[in-house]
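The values are calculated or read from the model by the stated rules, or taken from the named source; none is laboratory data. All figures in this text were calculated on a predicted structure; none of them were measured in a lab. Counting neighbours? That spans all protein chains shown, and the Cβs are built from the backbone with ideal geometry, glycine included.
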Amino acid sequence: MKKFWNYIFKYKLLFFARIITISLAALSVIAFDFIMGFIVDIFANAEIHKFVPIIIASIALIIILFITEYIDGCVMSSYIKNTVNYLRTDIFSKILNKDIKDFSLDNSGKYISILYNDLKIIEDSLLNNIFQVISSFISFTISLAFLFSISPTIVIFIAIFGTLGFVIPNALSKKLVIEKNNFSNNLEDITSVTKDLFSGFEVIKGFNIGHRINTIFKNSSNAVEFSKKKCSILEAIIRGFSLSFSVTIYLGVLILGGYLMNKGEISVGTAIIIIQLSTHIVGPVKISISLINQIKSVSLIVDKIDDILSDSSSDIEELSLKKFEKNIEVKNLNFSYSDERKALNNININFEKNKKYAIVGESGSGKSTLIKLLMRYYKNYTGDILIDNKDLQKIFSYDLYKNISMIQQNVFMFDDSIKENIKLYSDYSDEEVLEICNRSGLSNLISSLPNGINSSVGENGNKLSGGEKQRIAIARSLINNTNLLILDESTSALDNETAYNLESSLLSINDLTLIVVTHKLIKNILVSYDEIIVMKDGMIIERGKFDDLIDLKGYFYSLYYLQNEKV
Ligand SMILES: Nc1ncnc2c1ncn2[C@@H]1O[C@H](COP(=O)(O)OP(=O)(O)OP(=O)(O)O)[C@@H](O)[C@H]1O
């Protein structure tokens, strides 16, 4: 919760302006109590000469009240707009700064739920309520001070019952904290479930599992509504307690006031002032109990957001890498996804600038894992990965991903034009984009579309084939002038001829370091690589040029033989 206060006080000026406006509003309302009492006494004592001044004072107060309410509304809406906006964009950028492993620990539905559902709960239960509590406190203190000057006995009576009315509901608030957190978790679940289910729409239709999916959704929806109901019941119990105590206080003050008036110790007007002031003591106590409990109830949600805000993944980044100059050295590299088995076992390799490398091996041998570590997807490895002698972990993210690009099998597409998907919203001219399209084998596609490079790709590129998406991904890296390109089965969706042409054109770029993970063992392509790295069970078991590996008649030879019957 500590970090969260920084957000609450981020717009200090607006925060304190709001406190001033609510204080003025509270004072104006109390002034009305006195005016009411004075009016009654003026008539009771027939003091007609005081009539005009009291009417003028009343009109002035009405105007002040209107202006204060208006200013208060403006200040409050600006405070909420700025704070929620700042908080949401900050959480979003913190999520964006997470490294890939940390990000993938949670379903993206959780992040969506935090950004929308949890922030709405915080706005309603925390930001709005803080001011209401402060306003109640101000009304309470001022009224109590005036009341004390009139009758200390009544103040003692209020203090006793007010304390009881505070302590008992407070004890129930712990349960409410837990239930509110359950509610937030269930909202997260339903957001994740809905997102997953809509993403799998084609599978649901194709396998006729609509009824089962309905049940999954219904269960999530039930859980959300059930936890919401529990919160509402607990809040009703708390409200019930505070209402009972406030009614007790109100009636007690009425009886005590009547008794003092009966004894002739106070006038009728003062009795009315006492009753009015007591409503400004009882009301705030009653409201504050429920508001404070609501504020407390969001503490676990706030802790969850605090966790995201305190992510320190970029803390160790301190080295710049303006341009990749020399090599990537991998030394004694070991890595496991889980304790049971190693995905990489003592890998040692040196990738030199501008050379071309193919990584081959059977499924599950660790090829993708190795290149994911080069891309810094995971940090919990042992051994070293050094780029130009600099520890990979310590290189600034911006510099790292300016130098290295990776293209994977599944290419993400923004729901935008082909052009924007290639230049990724940077400033490249249409001519540059068209030139890259030529180099990436996209010319035929572009010329067949009425809007050319401005044609929309659809949601996640659903208007394009797998091969077309892969070519767009390659164009993305080429336009970025990346020094080091890693392809992970990136040409798998292309037919052999297109894959061959594309890979050949990449192999012919002299100032490009290329690392390609491939299953396609095609001699005409493989002979162009400077080194073929052969992996098995997380280890590099053979390496060398194509002809040397064939002559070796080892593991690579048998893999190649399996795919190409005649060697
Ligand atoms: N996210 C993950 N969590 C746990 N285990 C994983 C994860 N990703 C991969 N593995 C395991 O690590 C091992 C190496 O996987 P990796 O993806 O690197 O193999 P690969 O050689 O690229 O396989 P393929 O050619 O099928 O893509 C496999 O046994 C795989 O099951």
| Any residue at all in the stretch 324-331 that is modelled with pLDDT of 95 or more, touching a helix residue (DSSP H, G or I) at 6+ places or on another chain (Cβ under 7 Å) and more than 15 Å from the ligand (Cβ to nearest atom)? | yes
| So is S143 assigned by TED's automatic domain parsing to the domain that holds C231, assigned to a helix (DSSP H, G or I), free of Cβ contacts under 8 Å to residues at least 40 places away in the same chain and within 24 Å of S23 (Cβ to Cβ) or not? | no
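So that you can scan it fast, the table gives a plain yes or no per residue for (1) in a helix (DSSP H, G or I); (2) in contact with a Leu (Cβ under 8 Å, 6 or more places away or on another chain); (3) touching a residue at least 24 places away in the same chain (Cβ under 8 Å):
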site: D33; (1), (2), (3): yes, yes, yes
site: G73; (1), (2), (3): yes, no, no
site: T83; (1), (2), (3): yes, yes, yes
site: R88; (1), (2), (3): yes, yes, yes
site: F103; (1), (2), (3): yes, no, no
site: N117; (1), (2), (3): yes, yes, yes
site: S125; (1), (2), (3): yes, no, yes
site: I134; (1), (2), (3): yes, no, yes
| query | Has the stretch 468-483 got any residue that is over 25 Å from D415 (Cβ atoms), touching a residue at least 24 places away in the same chain (Cβ under 8 Å) and out of contact with any Asp or Glu (no Cβ under 6 Å at 6 or more places or on another chain)? | reply | yes
| Among the residues of the stretch 443-456, is there at least one that is crowded, with 21+ Cβ neighbours inside 10 Å, within 32 Å of the chain's Cα centre (by Cα) and either within 16 Å of the ligand (Cβ to nearest atom) or over 23 Å from F351 (Cα atoms) (or both)? | no
| task | Return yes or no: is G109 buried (at least 18 other Cβ atoms within 10 Å of the Cβ), of a type outside the set (S, T, Y) and within 30 Å of D90 (Cα to Cα)? | result | yes
| field | Sole residue being within 20 Å of N501 (Cα to Cα) and part of a helix (DSSP H, G or I), chosen from I436, I453 | value | I436
| said: It is to be established whether one or more residues within the stretch 484-500 are within 42 Å of the chain's Cα centre (by Cα), more than 16 Å from the ligand (Cβ to nearest atom), in contact (Cβ under 8 Å) with a residue 40 or more places away in the chain and assigned to a helix (DSSP H, G or I). | reply: yes
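Can you tell me which residue is nearest to the ligand (Cβ to nearest atom) among those in the stretch 377-387 that are in contact with a strand residue (DSSP E or B) (Cβ under 8 Å, 6 or more places away or on another chain) and within 12 Å of I404 (Cβ to Cβ)?
Out of the qualifying residues, it is I385.
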| message | For the stretch 44-65: of the residues being more than 24 Å from A26 (Cβ to Cβ) and β-branched (V, I, T), which is farthest from the chain's Cα centre (by Cα)? | response | I48
| query | When you look at R471, is it in contact with a helix residue (DSSP H, G or I) (Cβ under 9 Å, 6 or more places away or on another chain), assigned to a helix (DSSP H, G or I), of a type outside the set (F, W, Y) and surrounded by fewer than 20 Cβ atoms within 10 Å (Cβ to Cβ), yes or no? | reply | no
| Where residues in the stretch 339-359 are near the ligand (Cβ under 9 Å from one of its atoms) and modelled with pLDDT of 95 or more, which of them is nearest to the chain's Cα centre (by Cα)? | L344
| Single residue of the stretch 168-223 satisfying the filter (outside any helix (DSSP H, G or I) and of a type in the set (A, V, I, L, M, F, W, C)) that is modelled with the lowest pLDDT | F207
| All positions within the stretch 517-527 that are away from the ligand (no atom under 16 Å from the Cβ) and either surrounded by 15 or more Cβ atoms within 10 Å (Cβ to Cβ) or modelled with pLDDT of 95 or more (or both) | I522, I525, L526
| query | Within the bounds of the stretch 478-494, is there any residue that is buried (at least 19 other Cβ atoms within 10 Å of the Cβ), charged (D, E, K, R) and farther than 19 Å from N438 by Cα? | reply | yes
